[in-house]
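See below for the structure under consideration.
The values are calculated or read from the model by the stated rules, or taken from the named source; none is laboratory data. All values derive from a computational prediction rather than experimental measurement. Cβ placement follows ideal geometry from the backbone for every residue including glycine, while neighbour counts extend to all protein chains displayed. Areas reflect the complete protein model, heavy atoms only, side chains present, ligands, DNA and RNA absent. Shrake-Rupley method; radii C 1.70, N 1.55, O 1.52, S 1.80 Å.
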Amino acid sequence: MKRFRFVPPMATVFCALVGWPVGCDCDGSPADPCAGVACSGAGECRLTPFVAEPYCACWPGYHPAADGLECVPNDPGDPCAGVYCSDHGSCVPTGPVPVCVCDDGYERDLSGLYCFSTTPPPADADAAGADADSSAETDADASAEADAPPSWWADRTVREPGLTKLDIVFMVDNSGSMSQEQAALTARFPELLAELLDPPDTDGDTRPDHAAVEDLNVGVISSDMGVAGYRVSTCTNEDVGDNGCFRSTPSPAVLGCAPTYPHFLARNPTNAAEYSPEQMATDLTCIATLGTQGCGFEQQLKAMRGALTVDTVPGGCNAGFLRNDSLLALIWVTDEEDCSVRSDHTEMFDPERNDLGNLNIRCFTHPDFVEPVSDYVTAFRSLRSTGDANVFLAMIVGVPPDAAECIGFGDGLTECLDVPEMIAWVDPSEPTSLVPSCNTPMGQAFPPRRFVALAQEWGKNAYVDSICKSDWTQAFAVIGGRLVESLRDDYVCLAEAPPFDGATCTAGCWMIETLSDERWCDEDPECPSSWCPPATAEIVNRLEPCRDPATGAECVPLKRDLGLAVASGYPRRQCLVRQVPRDPAAPRCGDPLGDGWYFVPEPWSVHFCPEVDFARTGPVALLSGDSRVDLRCPR
């Protein structure tokens, strides 16, 4: 039977022959064990526990071959053919998917096709003797390494602490073509704010679908950043326009508005009792209906950057808006491409520069005068120490309404810029204009290539939809759902599926909840903590069971205390959350048989993703709103 073993790359063999240490490149620097391991283009090179040798974690439909360094297709007639489970388990076909059932003392890796030992190999006595003459500092380092916890696991963050603070900025295009679009936007404010501030109970489980946003700031800016002082007919403030400052003057076209508003709207525990979501939606409509007298040189990205950087400093026009501990949502509504002009190319605005062509198409004919999208990626990431993790971008722009390649989250828009309607070119019948990307009863819009490029770079935390749709209900349902995703307590979509055994309806991972402080894990009266031996997160794969002292019967608490862990300099309690059993004989494993978490494979998911669901009867959610949750899975 073929066994998994490490075959060193030829470069490593050569370096050893000429005297370089094993595990180093020929310049003496540490080598990457995965260098040159391509896994046949059908897997990912990872490192084995303890000894850190490379192996291929093959993608679904493939299994390892060639001593674990290549991936070959599964046999449709016999999925387990060629799957040896590292010679420490046996392969069981789960439909067309092979899964290893490992021997005692071994655990599956993330691909489910290897069985790795959960205990480190014995120390090398010869190596220990050879090290006896090394310096005390080296001895101390070696001792520290020996005392380090075994790295048999890989942690995947399932959920960050729920962010009940939310800051939203709407960038509303106020140029001459935006009247209908502003009405379509404000029509969605009541349902968006109701979702955020007063969430419904759509599944009838007596709990809201998610926690409410407790502290909400909302500001509105325009696309008008002026034209560097040049006289352009549609730009009344030629110098800096509205300069990214929040708008506080109500529209005369909206009835029932106050005479003036603060520079941003705020609803928080100090005023929530008297400031209803309905009133906030009305106020937001008053200030977001900007009219159509804005500058025709739209600089949408520059306006957003200015609003959240130079304008938020003390004394700035938007001071006090941005919080470091909030979720930040940036929402653009525009029918034009971004034309954020570089500060060293203000000649773009000069109406007397006939050599630069017509003003309407200069942003297309002179792309070198426009700031690169990468500058805005950097700027928006700088708004949070975590980069783009807690910054969500939404763009209601001129993508074709019937082009599925252009509507959705940023990581799914890879083909959008190749859609014919998204190719920018001058209209042969009207050489002072571009060909529209969409033309509907809502009006015309033009290819928003820079917005799509930004969304592609931002990935899953960006969303794009079409401004040419007559009904934006679905678009704002997606946006609202994404803004409250971290507040949901019933399911979470995963970026990568954990190993799953369909024969037992269990995922091969452990869920660890890290609380925000040292408080105890919730007590389970049917299996209290006094029945459980001490446990830590490092040994969740081999915990002694909890037992009823009267009968000796084993039990599994809903949450088991794993002691304290230090995070960000503070001790925090860790709890092992129970994986709830399900019925393997039921279709798709059926409903959960109690409280706890469980995994739903993507083909079974109503949310079209590999997901973790949280089952809890009664009004109290399974997980604390201020906790972080990780899945600890074998490597």
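Results, tabulated for the structure shown:
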| read-out | value |
| --- | --- |
| Tail beyond 25 Å, pair distance distribution of region 418-532 (Cα, percent) | 56 |
| Two-site label geometry, Leu564 and Glu526: point separation in nm, points 7 Å out along Cα→Cβ | 3.2 |
| Considering only the chain, percent of DSSP beta bridges that pair antiparallel, nearest 5 | 70 |
| Farthest toward positive dipole pole in the chain [+1 Lys/Arg, -1 Asp/Glu at C-beta], among Thr312, Leu564, Tyr84 | Thr312 |
| Point-to-point label distance, Asn360-Val240, nm (Cα→Cβ direction, 7 Å offset) | 3.2 |
| Charge dipole (debye, nearest 20) of the chain; +1 at Cβ of Lys and Arg, -1 at Cβ of Asp and Glu | 600 |
| Accessible area in square angstrom per residue, the chain, 1.4 angstrom probe | 47 |
| Overall form of region 541-584 per C-alpha gyration tensor (a/c, 1.5; a/b vs b/c) | oblate |
| Estimated FRET transfer efficiency (Asp517, Ser429; beta-carbon r; R0 60 Å; 0.05) | 0.35 |
| Accessible surface of region 335-402, 1.4 Å probe, proportion on carbon and sulfur as whole % | 46 |
| Surface share of carbon and sulfur [accessible, 1.4 angstrom probe, percent] for region 519-635 | 55 |
| Unit charges on C-beta of K, R, D, E only; dipole of region 465-542, Debye | 320 |
| Förster radius 51 Å - calculated FRET efficiency between Asp104 and Asp198, Cβ distance, rounded to 0.05 | 0.45 |
| Alpha-carbon centroid distance for the pair region 438-464 / region 510-564, whole angstrom | 49 |
| Shape call, region 519-635: gyration tensor on alpha carbons, a/c limit 1.5 | oblate |
| C-alpha center-to-center spacing [region 248-291, region 305-382] in angstrom | 26 |
| Extension reserve of the Thr249-Arg547 stretch, reckoned as 0.36 nm per residue once the Cα distance is removed | 100.6 nm |
| Pairwise centroid distance, computed over Cα atoms, of region 421-436 with region 176-197, Å | 29 |
| Rounded accessible area of Lys302 (nearest 10 Å², 1.4 Å probe) | 40 |
| All-pairs alpha carbon distance profile, the chain, 10 Å steps from 0, percent | 3, 13, 20, 20, 18, 14, 8, 2, 0, 0 |
| Distance in nm between pseudo-label sites at Val377 and Ser470 (7 Å out along the Cβ direction from Cα) | 3.8 |
| For region 418-504, size of Cβ-based charge dipole, Lys and Arg +1, Asp and Glu -1, in debye | 220 |
